[in-house]
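S.K.: Starting off with a structure, shown below.
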Amino acid sequence: MSALNRVLVIDDEASIRESLEMFLSEKGLSVRSAGLAEEGFRLWRTFHPQVIILDIRLPDCSGLDLLKRLTSRDPDVKVIMITAHHDMATTIEAMRQGAYDYIHKPLDVDEFDQAVDKALHSAEATVRTRPILKSKDEEDPKTRIVGSTPELLAIFKTIGRLSRNQATVLIQGETGTGKELIARVIHENSDFKDEPFVTVDCTTLVESLLESELFGHEKGAFTSASEAKTGWLELAGEGTIFFDEIGDLPLSLQAKLLRFLEERRFTRVGGTRVLHSLARIIAATNQDLTELVRQGRFRSDLLFRLKVIGIKAPPLRQRIEDLPALLEFFLNRINQELNTRVTRVEAQVLSMLKAYTWPGNVRELKNLLIKAVLKTHGSVLLADTIQQCLGGLTIRLGNECLSTLEEVEKAHIQKTLRQMGWNISATAKALGVSRPTLRKRLKSYRLSPPTELTG
């Protein structure tokens, strides 16, 4: 019998223990049971179960107290709490203490069966996957571009050259490709990294106030100007002012920004004193500025002034080789920021991520992983969790367009089975899953060997 099929039931009701033992044994699992918390704790130490079914109320101890003892000694233990008492506070506390799931009595057979299967699968994945992350104490710098593809290496070289000067930079790329991150890395690697980095979001600004925000204003310059205000150009000092989505800058202000870029001088609204700025200007856009120029929505002379140095941020689908490094980087960051401990990744996860087209690019990947980590019970990011987070979205595997990740998994299993001549053991090893898990997938997807192999 497999070493990864042990279940411990801790419940003070003999009828519940007997029913659950019978049900779980019929699933082919090795089952032990206890009616008291201390008895259950001793069995946990000797039986080493992968999954524990634990009642909230026990005669000698609260189930929540036992849960805390168990998870403090083994954070990866999968504890399914069961209770006849429906209250919010207990449910929240159980999940906070590390319960894998929380099910109400009387038990729904399908719900219970599914919870046990998921817990066993998670336990199996914990054993069969190796940690991919560094320790939680090693923090990554906040301004780090992750990847090693030729496109990124070219960007790194450009940033190195920019570190010696304050040249104006235009960064172009799709939404979510990390344009602001590139701008911040340029700033952090310059001689003026201790100076301010000021961000101007051109999509959210009111045109009537933008000039005042950018250049500042003197007291009395307009009706509501009750006092003088320092503009962004002054605030930036010798640092960096970053214009995000420069393509949305109104034409009236494009002319004034152009004049500033040409002369590096400006005056506050309502003022006469000429001020000078040594700040670097970095602009970014997800639009085709050349097309905007053709449409008369962007000044060609401003485009030339901004594009002293041009950087193209590549979309994620064009640097899919960076996915493993991005996955590790974001899981580390998420664990640090959300106090989670997802340090392992099931084998199929990377295949699923590589099959997706990522219209939202790296930002979408980060948001997906945050969602998946928050749904994860334990230390392993499961393929099923990724499937839930991406379910129903269109992805692409090779040249074939597929509608769901289930179809991707099915196609991947079929391909591996063919490569292994439908040898179940060899296929399971190649896929990084157990034979029972593979057989369950075959049944779920109704996959069977071709007739020439069975006849």
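S.K.: Test Asp55 against the stated conditions and say whether it is in contact with a Ser or Thr (Cβ under 7 Å, 6 or more places away or on another chain) and closer than 30 Å to Arg435 by Cα.
M.R.: Here the answer is no, as Asp55 does not meet what is asked.
S.K.: Another one. Would you confirm whether any residue within the range 117-138 is surrounded by fewer than 12 Cβ atoms within 10 Å (Cβ to Cβ) and among the acidic types (Asp, Glu)?
M.R.: yes
S.K.: Follow-up. Within the range 289-302, identify whether any single residue is among the polar types (S, T, N, Q) and either within 31 Å of the chain's Cα centre (by Cα) or crowded, with 18+ Cβ neighbours inside 10 Å (or both), and answer yes or no. Full working, then the answer.
M.R.: Here is the first cut: in the range 289-302, the residues among the polar types (S, T, N, Q) are 290, 295, 300.
Next cut, either within 31 Å of the chain's Cα centre (by Cα) or crowded, with 18+ Cβ neighbours inside 10 Å (or both) only: none.
No, there is no match, as no residue in the range 289-302 is among the polar types (S, T, N, Q) and either within 31 Å of the chain's Cα centre (by Cα) or crowded, with 18+ Cβ neighbours inside 10 Å (or both).
S.K.: Residues in the range 258-270: is at least one surrounded by fewer than 16 Cβ atoms within 10 Å (Cβ to Cβ), at pLDDT 85 or above, in a loop (DSSP other than H, G, I, E, B) and in contact with a strand residue (DSSP E or B) (Cβ under 8 Å, 6 or more places away or on another chain)?
M.R.: The answer is yes, given that some residue of the range 258-270 is surrounded by fewer than 16 Cβ atoms within 10 Å (Cβ to Cβ), at pLDDT 85 or above, in a loop (DSSP other than H, G, I, E, B) and in contact with a strand residue (DSSP E or B) (Cβ under 8 Å, 6 or more places away or on another chain).
S.K.: For residues in the range 160-198 being within 26 Å of the chain's Cα centre (by Cα) and of a type in the set (Val, Ile, Thr), which is surrounded by the fewest Cβ atoms within 10 Å (Cβ to Cβ)?
M.R.: Thr175
Yes or no, residue by residue, for (1) crowded, with 18+ Cβ neighbours inside 10 Å; (2) farther than 23 Å from Ser122 by Cα; (3) touching a Phe, Trp or Tyr at 6+ places or on another chain (Cβ under 8 Å); (4) of a type in the set (Ser, Thr, Tyr):
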{"position": "Ile10", "(1), (2), (3), (4)": "yes, no, no, no"}
{"position": "Glu18", "(1), (2), (3), (4)": "no, yes, no, no"}
{"position": "Leu36", "(1), (2), (3), (4)": "no, yes, no, no"}
{"position": "Gly40", "(1), (2), (3), (4)": "yes, no, no, no"}
{"position": "Pro49", "(1), (2), (3), (4)": "yes, no, no, no"}
{"position": "Leu58", "(1), (2), (3), (4)": "yes, yes, no, no"}
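S.K.: Filter the range 412-424 down to the residues that are at pLDDT 80 or above and either of a type in the set (Lys, Arg) or part of a helix (DSSP H, G or I) (or both) and list them by number.
M.R.: Ile413, Gln414, Lys415, Thr416, Leu417, Arg418, Gln419, Ile424
S.K.: Also, quick follow-up: Could you say which residue among Arg69, Arg6 is within 22 Å of Thr91 (Cα to Cα), touching a Phe, Trp or Tyr at 6+ places or on another chain (Cβ under 8 Å) and surrounded by fewer than 22 Cβ atoms within 10 Å (Cβ to Cβ)?
M.R.: Going through Arg69, Arg6 in turn, the sole match is Arg69.
The values are calculated or read from the model by the stated rules, or taken from the named source; none is laboratory data. Predicted, not measured: the structure shown is a model, and the values here were computed from it. In this analysis, Cβ positions are derived from the backbone assuming ideal geometry, glycine residues included, and neighbour counts consider all displayed protein chains.
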